[in-house]
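None of the figures in this text is laboratory data; all of them are computed from the coordinates on show. Worth saying up front: this structure is predicted, and the values here are computed from it rather than measured. For neighbour counting, all protein chains shown are included, and Cβ atoms are generated from backbone atoms with ideal geometry for every residue, glycine included.
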Amino acid sequence: EVQLLESGGGLVQPGGSLRLSCTASGFTFSSYAMAWVRQAPGKGLERVSTINVRDGSTYYADSVKGRFTISRDNSKNTLYLQMNSLRVEDTAVYYCAKDREGSVADYFDCWGQGTLVTVSS
Amino acid sequence: DIQMTQSPSTLSASVGDRVTITCRASQSVSNWLAWYQQKPGKAPKLLIYKASNLENGVPSRFSGSGSGTEFTLTISSLQPDDLATYFCQQHTGSSSLTFGGGTKVEIK
């Protein structure tokens, strides 16, 4: 069974940092593009960042560019999101998601349960 | 960025009704469109990909159509389990991946 399990969320002050992790199981992690998607309370979905397999290319939403970094450790089947200079508007549930097709992030057939990040003083 | 606009934002229908949700793109996305269902407190679930392909295990009452800039998600006979918010998502390239604002489906 394909599973994604996020961890690392919590309460942090504005300007602080957090690192989210997503541990994958049930599929060949190294063969699939992955993404972080967030959802602010009562709001819609926003793609935060994606990482492809074919060339390791990464993409970021303009709202997080320069502050967030996506990475993966295929030996540990784990996806990461390093979040620095956090702002109140980064408050959201952060989901890890697996691409359906493979090496390039297109659409997502498996999602984690989400981890809540709250940025507040 | 390509903007995705869904309508209506909320709809209320009775069990057994045919329900249609529309998603419009600010420019052509060809058939690179997916639909997701999100139940309260849960993660999104992929329903449709490449505009009209039903994901494995999704009930056949769900269908998708359209191309270019206008797309629809149809539920042929609404069931109580379909209470959820539905999102469209375009993916014309890794640098261009955006979601619609969502349509909340309520059961009368």
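Within the shell of other residues whose beta carbon sits under 12 angstrom from the beta carbon of residue A:115, the net charge comes to +1, with Lys and Arg scored +1 and Asp and Glu -1. Computed from the Cα positions only, the extents of segment A:17-99 along the three principal axes stand at 35, 25, 19 Å, in decreasing order. Legend: ranking of residues B:88, A:110, A:22 from fewest to most surrounding C-beta atoms inside 10 Å; resulting order A:110, A:22, B:88. Ordering A:1, B:106 from the fewest to the most neighbouring beta carbons within 10 Å gives A:1, B:106.
Dividing the alpha-carbon radius of gyration of segment A:1-58 by the rule-of-thumb value 2.2 N^0.38 Å gives 1.33.
Could you order the peptides A:43-54, B:6-17, A:4-15, A:28-39 from most to least packed, using the average number of other C-beta atoms within 10 Å per residue?
Packing proxy ranking, top to bottom: A:28-39, A:43-54, A:4-15, B:6-17.
Here the protein assembly as shown is treated as an ellipsoid with the same Cα gyration tensor; its semi-axes, largest first and in whole Å, are 29, 19, 17. Volume per residue for chain B equals 91 cubic angstrom (convex hull of Cα atoms).
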